[in-house]
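Reviewing the structure listed below.
The values are calculated or read from the model by the stated rules, or taken from the named source; none is laboratory data. Here the structure is a predicted model, which is why all the values come from computation and not from measurement. Every residue, glycine among them, receives a Cβ derived from its backbone with ideal geometry; neighbour counts consider all protein chains shown.
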């Protein structure tokens, strides 16, 4: 675990999000990488109440998500509690790292998922907490991502509720399955759904889901609902059977005309942040 170095060549404008680049993080089984820390406008290292912290997966795409501009607008307008965001870039082994830890898909992918989640929980978060005024409690620690990053965000929170208290799942690859032999097998072997159904209890988690009506065209069971929406809604149904409540523990945002693209996710990002970190 290593420290954090500043990478700005000049002092940022007052009231704007500041970005810091960390040193390289390493853990056995996952590719080493640096992360970027987005400090909200008027970040105060001495603030009595620590800032909530949010992991952003596919962190290299945060400029396309307009993360800094969104933080400027929401924090500056008093619409959210200021939050520190840690953008963790994907590696070349994205499919291996962003799978479900402990369960490979039908093609044997996801072999590095546990190691990647270990990197987040055991290296990235402790380093950020050691360098910045951010909270340690799970309820104020979140993670979000899109597509395979959405699946990873859900799986990370589900497997580690002692670390994460909330997850944002944008166009999540919730089709991720163990058996591809038939439509019935595809439905029954969706790993996230199966993990929820087989859980003994209800972890203290909150989930926010997004899907776009143009996320894809695939409709494996021919019911007229694209898989991206069906998989999301059916995962929420599984969570509800475990005691999660819509409107309290989980929320769903459907984007009419929304596509599987950063432009749609950037549009939905403020809605997620207002849900995750309402102003105090």
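Below, the figures for the structure above:
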read-out: Residues within segment 142-159 that are surrounded by fewer than 24 Cβ atoms within 10 Å (Cβ to Cβ) and more than 17 Å from residue 244 (Cβ to Cβ), tallied; value: 2
read-out: Candidates 179, 219, filtered to the one that is closer than 16 Å to residue 233 by Cβ and modelled with pLDDT of 95 or more; value: 219
read-out: Among residues of segment 182-201, those that are modelled with pLDDT under 95 and either closer than 20 Å to residue 246 by Cβ or touching a strand residue (DSSP E or B) at 6+ places or on another chain (Cβ under 6 Å) (or both), counted; value: 1
read-out: Qualifying positions in segment 76-106 - surrounded by fewer than 22 Cβ atoms within 10 Å (Cβ to Cβ), under 18 Å from the mean Cα position of the chain (by Cα) and in a helix (DSSP H, G or I); value: 94, 95, 96
read-out: Residue satisfying all of: in segment 185-212; exposed (fewer than 15 other Cβ atoms within 10 Å of the Cβ) and not in a loop (DSSP other than H, G, I, E, B); farthest from the chain's Cα centre (by Cα) among these; value: 185
read-out: Residues (out of contact with any helix residue (DSSP H, G or I) (no Cβ under 8 Å at 6 or more places or on another chain) and either farther than 18 Å from residue 197 by Cβ or part of a strand (DSSP E or B) (or both)) located in segment 226-253; value: 226, 227, 228, 229, 247, 248
read-out: Single condition residue 221 does not satisfy, out of (1) touching a strand residue (DSSP E or B) at 6+ places or on another chain (Cβ under 6 Å); (2) loosely packed, with under 15 Cβ neighbours inside 10 Å; value: (1)
